[in-house]
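These notes concern the structure reproduced below.
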Amino acid sequence: MSPVIAIRDLHFAYAGAPVLQAIQLEVAKGDFVGIVGPNGGGKSTLLKLMLGLLQPDSGELQVFGQAPRRSVERIGYVPQYANFARDFPISVWETVLLGRLMPRRWFGGNSAADRQLAEQALRETEIWELRERP
């Protein structure tokens, strides 16, 4: 079986300053992986490369057997620091539904199946009663 994530000889630099050099990694389906290291060690940069938000300078990176940008619908990412206005007028329910929007459906809205899955997620996490809260 091919790996879920395959990285071979990956290199990345910000403005010429090397951040990642000769990275090798394979993650198989079902693996549990933790990425640890010091601040500024390249952990977030590696995740951004896997999400297709950055492009490597050299090397090979595949997610689900293809370029990261082509796998974006199969990956979730929660940044360590979220920069947003705490008084932004959006409810818990609307926030959960945002997770169901895919790039090709941004203007199509959510389907009945999306709403059903959002409700299921809120009930399973026992926060259904919070759905109308900001």
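Entry note: region 1-44 has Rg to Rh equal to 1.03, where both radii use alpha-carbon atoms and Rh is the Kirkwood radius.
Counting only GluC sites (Glu not before Pro) that DSSP places in a loop and that have at most 16 other Cβ atoms within 10 Å, the longest clean stretch of the chain runs over 1-125.
Hull volume per residue, based on the alpha-carbon atoms of the chain and their convex hull, is 165 Å³.
Once the Cβ-Cβ distance between Glu129 and Ile35 is put in as r, and R0 is 41 Å, what FRET efficiency do you end up with, to the nearest 0.05? List each step's numbers first, then the result.
On the way: r = 35 Å, r/R0 = 0.85.
Efficiency at R0 = 41 Å is approximately 0.75.
Rolling a 1.4 angstrom probe over region 49-98 with all protein chains present gives an accessible area of which 54% lies on carbon and sulfur atoms. Heavy atoms of the protein chains alone define the surface here; on that basis the chain has 74 Å² accessible area per residue at 1.4 Å probe size.
The values are calculated or read from the model by the stated rules, or taken from the named source; none is laboratory data. Note that the coordinates shown come from a computational prediction; the quantities given were computed from them, not determined experimentally. All Cβ positions, glycine included, derive from the backbone under ideal geometry; neighbour counts span all protein chains shown. Quick note on the areas: whole protein, heavy atoms, side chains included, nothing else; ligands and nucleic acids left out. Shrake-Rupley method; radii C 1.70, N 1.55, O 1.52, S 1.80 Å.
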